[in-house]
1. Within the set of pairs 6+ apart or on separate chains, which have a first residue in the range 163-191 that is outside any loop (DSSP other than H, G, I, E, B), a second that is of a type in the set (Asp, Glu), and C-beta atoms under 6 Å apart?
2. Restricting to the range 279-301, name every residue that is hydrophobic (A, V, I, L, M, F, W, C), over 15 Å from Ala328 (Cα atoms), surrounded by 14 or more Cβ atoms within 10 Å (Cβ to Cβ) and in contact with a Phe, Trp or Tyr (Cβ under 8 Å, 6 or more places away or on another chain).
3. Which residues, taken from the range 312-330, are surrounded by 15 or more Cβ atoms within 10 Å (Cβ to Cβ) and not in a strand (DSSP E or B)?
4. What number goes with the only condition from (1) under 60 Å from the mean Cα position of the chain (by Cα); (2) touching a residue at least 12 places away in the same chain (Cβ under 8 Å); (3) open to solvent by 50 Å² or more (accessible area, probe 1.4 Å); (4) more than 21 Å from Thr270 (Cα to Cα) that Thr309 does not pass?
5. For the range 177-203, name all the residues that are farther than 27 Å from Leu271 by Cα and open to solvent by 30 Å² or more (accessible area, probe 1.4 Å).
6. What's the number of the condition Glu209 fails, among (1) open to solvent by 30 Å² or more (accessible area, probe 1.4 Å); (2) at pLDDT below 90; (3) in contact with a Ser or Thr (Cβ under 7 Å, 6 or more places away or on another chain)?
Amino acid sequence: MAARKPTGARNETVRCENCGEYYAVTYKRCPFCEEQEEYRRARSREDYDDEEEYEDEVYDEEEPRHKGGKRLKTNTRGGGYGGGPTPLQIVGWVISLALIAAAIYIVVTIIGPFIQRGEQAVDPNPNPVTSSTPAPSPSGSAEPQPTDSAAPQPSDSQSPEDGEIPAGQTATGFTLSLSEFSLSNRYPDPVKLNVTFSPAGSTGTITWESSDPAVVTVDQNGVVSPGGTTGTATITATMAGGYTQTCKVYNSVTGSSGSSTGSGGGTAATLSLNRTDFTLDKAGASWQLKVNGTSSNPTWSIGNSSVATISGDGTVTAVSRGTTTVTATVDGQTLTCIVRCTW
């Protein structure tokens with residue numbers, strides 16, 4: 001196969017008619033042919049043992065023949081015969097392999113997972129029926145929802161019922177003047193429970209109710225009266241909006257007052273205390289006892305002065321929690337009253 005004419009050298013090279021190689025026009029004769037001829041002349045046949053050794057040294061059997069001869073093995077003048085790869089080619093191959101490896105890595109580690117996620121996102125059944133969705137009842141009515149056990153429960157002073165708040169009510173809470181008291185034969189008079197609204201100066205509407213009207217009754221002004229049956233009942237005061245307070249009442253009224261007998265015998269004048277049983281709800285609270293039916297000054301004493309004390313005018317003052325008895329002695333008669341200190 002004849003050598004190809006170098007591109008771009010059309011006007012600067014000519015082709016040898018003998019060997020077919022292109023050479024620069026600056027040469028008078030083909031340098032390839034001269035080189036071959038000089039090489040042959042330099043090494044005569046006498047330097048070789050036989051003709052076959054001479055032919056193997058000078059010529060290459062694998063190279064194509066031209067003009068009845070063999071082409072030399074080497075071409076030191078640049079005739080286009082290729083040798084081994086150049087360093088630039090090796091670098092190009094290495095870079096190509098690196099790019100191919102990087103592309104494979106990107107496909108496997110980055111693009112692959114996205115493709116798998118896309119396949120998993122496809123739901124083969126777009127309308128599944130889950131067991132967590134309750135089936136509608138045949139009647140079409142909604143099933144009752146379970147109550148939330150974590151919801152805040154009303155406190156002891158709150159009613160579970162929340163009524164409408166009247167437009168004129170400004171109070172957010174209230175307190176009662178007594179938390180408990182007693183009614184007895186000696187003092188059966190009705191007791192009025194007073195209400196203090198909070199914040200100060202606010203107003204509100206109170207509804208009164210007795211837990212047992214047969215024991216005690218209460219009107220809508222907070223006046224508590226004996227019901228005709230002895231026992232204990234609770235008075236509940238409710239403010240619109242659900243806020244409540246309670247008062248415990250001990251009733252020992254039987255409908256008639258007993259008589260007292262003096263130490264000298266016979267029937268004495270009927271004397272009584274204005275209280276036979278009462279409660280003080282905090283340390284320092286006081287109540288004044290009085291004797292009805294006499295103008296004499298009684299002598300007062302108390303069973304346990306660590307629970308309460310009593311002064312000469314019958315004023316009882318709470319000291320600590322507990323129960324004790326106050327005794328009044330007057331006109332030869334002895335009257336007693338139970339004092340309860342609770343808070």
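1. Taking only residues 6 or more apart or on different chains, the pairs are Ser182/Asp277.
2. Of all residues in the range 279-301, those hydrophobic (A, V, I, L, M, F, W, C) come to 280, 283, 285, 287, 289, 291, 300.
Next, from what is left, pick out any that are over 15 Å from Ala328 (Cα atoms): 280, 283, 285.
The next check asks that each one be surrounded by 14 or more Cβ atoms within 10 Å (Cβ to Cβ); those that pass are 280, 285.
Passing the criteria: only Leu280.
3. Gly314, Val319
4. (2)
5. Within the range 177-203, the subset farther than 27 Å from Leu271 by Cα is 177, 179, 194-203.
If the condition is that a residue be farther than 27 Å from Leu271 by Cα and open to solvent by 30 Å² or more (accessible area, probe 1.4 Å), then Ser177, Ser179, Asn194, Val195, Thr196, Phe197, Ser198, Pro199, Ala200, Gly201, Thr203 are the ones that fit.
6. Result: Glu209 fails condition (2) only.
The values are calculated or read from the model by the stated rules, or taken from the named source; none is laboratory data. All values reported here derive from a predicted model rather than from experimental measurement. Counting neighbours? That spans all protein chains shown, and the Cβs are built from the backbone with ideal geometry, glycine included. Just the protein is used for accessible areas: all its heavy atoms, side chains included, with ligands, DNA and RNA removed. Shrake-Rupley method; radii C 1.70, N 1.55, O 1.52, S 1.80 Å.
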